[in-house]
Amino acid sequence: MEIIFLIFVFVLAIFLGVELINKVPSTLHTPLMSGSNAISGITLLGALVSAGSTNNEFASILGVLAVAFATINVVGGYMVTDRMLAMFKKKESGGSK
Amino acid sequence: MSIGETLISIDETLINSVYVIAAILFIVGLKFLGSPATARKGNFISASGMLIAVVFTLANQQILSFDLIAVGVVFGALVGAIVSRKVAMTSMPEMVALFNGFGGLASLFVGWAALSVALTQAVSSGIAINSFSLVTIFLSILIGGLTFTGSLLAYGKLSEKISGRPFFYIGQRVVNSGILIAVLVCAGLFFQDSANENWLYLAVGLSLVLGVMFVLPIGGADMPVVISLLNSFSGLAAAAAGFAIGNILLIVAGSLVGASGLILTGIMCKAMNRSLSNVLFSGFGTVKVTDGPVIEQGEVKPMSAEDAYYVLEAASSVVVIPGYGMAVAQAQHVVKELQEILEKNGAEVVYAIHPVAGRMPGHMNVLLAEADVPYDLLLEMDQINPRIESFDVAIVIGANDVVNPAAREVESSPIYGMPVINANQANTVFVLKRSMATGFAGIDNPLFFKENTRMIFGDAKETLGNLVKSFD
């Protein structure tokens, strides 16, 4: 049952993702990509649990490495997306600098 | 039920409820990313979803030691923050590729760590690991591994640390399928005999090799497709890791990203009129180089920037068509200067953006946004083509294949059928180009020989700078 439930969630999320992204205009494709890239750093949650469990040393080491890389992905991804999006301006406010 | 168990179950319910909220924030965030007006807010919402998910995961009782975590988080946050602040907008494609690779690597490690924990438990309890866990763990290792090396190679090609030319060899499909099968065989053998860890190491190594082999034959012009695909993979790797450790939020967030990457991949392929397998398995430049009669060659008509000034001065409507060359020359700011001067002169100026112009989806839009060009002046191919005939001047800056009329006119051309911007239908076409070399695709461009085309040779930034100066 548990397995079916997880697969169920997976399939629904894929369909939801398709619906959400289909509407994004091409002007925003780069920020969309780096922003969704940051979301894929969600694997950080798994990394935190592995890194913090003290009973398996090898898993902890792998976990810490995963934490470091996933954090780069998350922090860097969100920050760079924000930097890009801050530049997108409409005509009225454009050229104010 | 003992008190301890109750505590744990409350704890888990709480964390899972927070995960539901985080998932909602991701979804709302992605929805807000769909419009330039709300996109920044959307990114912030998605980031806050990530933050609360991380904070509540740390409150999980399974986590006993925080020292190592702190080291990893501080290191990662510092590197991420510094890199994202320093990177130039023109280098955005390779940076996205690099971050993408790190996400893949993290998923590989999470899968591997989960395997290590599961094996220890299996040994102590004497009950074998269930096959579903094993399969998903291997999937996260495989997809994570190939995303990592594939993205690193894409990073190398995009930043021109490695040649961007497609590297193609005979039997490449066979080799790649062979590696994939070998990984699966290793996985199978490891399931049979999980005491022998060599099969595991071999599977990890092979998936890393697979990533390299998969990106190797893909040339610079096809990079938008590959980056989108790798983006999708990094999401799927996270989803697989979610299956492996039974974390629903990883599955939801990972599959959202997986779906988004797949859609972008589809859009990019469509914009090149090629199937995904065609992009992945046949280097663009290597497709049938026609030995037949060279098509529609003629005389190239060069023009100096000063002469171009007189044409522009008289123009009442101008369309700018940028390509990767604009990024290379860092010419986006001077393009904006020219736009302002032309507008002051009474001309209408718009930009026409081809979906695969540049090295990643939306590459040109970001560069022009950096130069403060309002996004409502940026028209998509379908918006510009019906009215391009009414434009006095089309200025092609460092674009080649995306304005190649051979895609419409020459059936033997490798890019025949690809939707292009019909630059040649404007009254006069200026092509700003470094030299007469062919584009990345290595295909002749009849546009350069058209009656109404004038070539302005030289560095795009310099040429545009000279044009701007002549208006003073």
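The values are calculated or read from the model by the stated rules, or taken from the named source; none is laboratory data. Please read all numbers here as calculations on a predicted model, not as lab measurements. Cβ sites come from the backbone with ideal geometry, for glycine too, and all protein chains shown count toward neighbours.
Observations on the model:
- Exactly one residue out of B:Ala122, B:Ala113 is surrounded by 14 or more Cβ atoms within 10 Å (Cβ to Cβ), over 20 Å from A:Val75 (Cβ atoms), touching a Gly at 6+ places or on another chain (Cβ under 7 Å) and assigned by TED's automatic domain parsing to the domain that holds B:Leu189: that is B:Ala113.
- Any chance B:Ala241 is in contact with a helix residue (DSSP H, G or I) (Cβ under 7 Å, 6 or more places away or on another chain) and at pLDDT 85 or above: yes
- Test: residue in the range B:143-159 that is part of a loop (DSSP other than H, G, I, E, B) and within 22 Å of the chain's Cα centre (by Cα): yes
- Checked against the criterion of being under 15 Å from B:Val257 (Cα atoms) and among the aromatic types (Phe, Trp, Tyr), the range B:44-52 has no qualifying residue.
- Residue match in the range B:316-323 (condition: under 21 Å from B:Val87 (Cβ atoms) and either assigned to a helix (DSSP H, G or I) or among the β-branched types (Val, Ile, Thr) (or both)): no
- Residues within the range B:91-107 that are buried (at least 24 other Cβ atoms within 10 Å of the Cβ), more than 7 Å from chain A (Cβ to nearest Cβ) and not hydrophobic (A, V, I, L, M, F, W, C), tallied: 3
- Hey, B:Gly358 touching a residue at least 40 places away in the same chain (Cβ under 8 Å), of a type in the set (Gly, Ala, Ser), assigned to a loop (DSSP other than H, G, I, E, B) and buried (at least 23 other Cβ atoms within 10 Å of the Cβ) or not: yes
- Qualifying position, being under 29 Å from the mean Cα position of the chain (by Cα) and modelled with pLDDT under 90, among B:Tyr351, B:Tyr324: B:Tyr324
- Listed here are the helices (runs of 4 or more DSSP H) enclosed by the range B:174-273 that have at least 3 residues being away from chain A (no Cβ under 12 Å) and more than 13 Å from the chain's Cα centre (by Cα): B:198-215.
- Options B:Asn427, B:Asn445; residue that is away from chain A (no Cβ under 14 Å), of a type in the set (S, T, N, Q) and crowded, with 17+ Cβ neighbours inside 10 Å: B:Asn445
- Residue in the range B:69-90 that is more than 30 Å from B:Gly156 (Cβ to Cβ), more than 7 Å from chain A (Cβ to nearest Cβ) and crowded, with 19+ Cβ neighbours inside 10 Å present: no
- A search for C-beta distances below 7 Å between a residue of the range B:204-233 that is of a type in the set (S, T, N, Q) and any residue that is outside any helix (DSSP H, G or I), counting only pairs 6+ apart in sequence or on different chains, returns B:Ser228/B:Pro361.
- Some residue of the range A:25-39 being of a type in the set (A, V, I, L, M, F, W, C) and surrounded by fewer than 19 Cβ atoms within 10 Å (Cβ to Cβ): no
- Failed criterion for B:Met50 (all others in (1) crowded, with 20+ Cβ neighbours inside 10 Å; (2) in a helix (DSSP H, G or I); (3) at pLDDT below 95 hold): (3)
Matching residues to (1) on the phi > 0 side of the Ramachandran plot; (2) in a helix (DSSP H, G or I); (3) within 7 Å of another protein chain (Cβ to nearest Cβ):
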residue: A:Met33; (1), (2), (3): no, yes, yes
residue: A:Asn55; (1), (2), (3): no, no, no
residue: A:Phe58; (1), (2), (3): no, yes, yes
residue: A:Leu65; (1), (2), (3): no, yes, yes
residue: A:Gly76; (1), (2), (3): no, yes, yes
residue: A:Met79; (1), (2), (3): no, yes, yes
residue: A:Phe88; (1), (2), (3): no, no, yes
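- For the range B:405-415, a residue qualifies if it is part of a loop (DSSP other than H, G, I, E, B) and either of a type in the set (Val, Ile, Thr) or touching a residue at least 60 places away in the same chain (Cβ under 8 Å) (or both), and the qualifying residues are B:Val410, B:Ser412, B:Ser413, B:Pro414, B:Ile415.
- Residue within the range B:159-167 that is surrounded by 14 or more Cβ atoms within 10 Å (Cβ to Cβ), aromatic (Phe, Trp, Tyr) and modelled with pLDDT under 85 present: yes
- Only one of B:Val396, B:Val402 that is in a helix (DSSP H, G or I), assigned by TED's automatic domain parsing to the domain that holds B:Arg359 and touching a residue at least 40 places away in the same chain (Cβ under 8 Å): B:Val402
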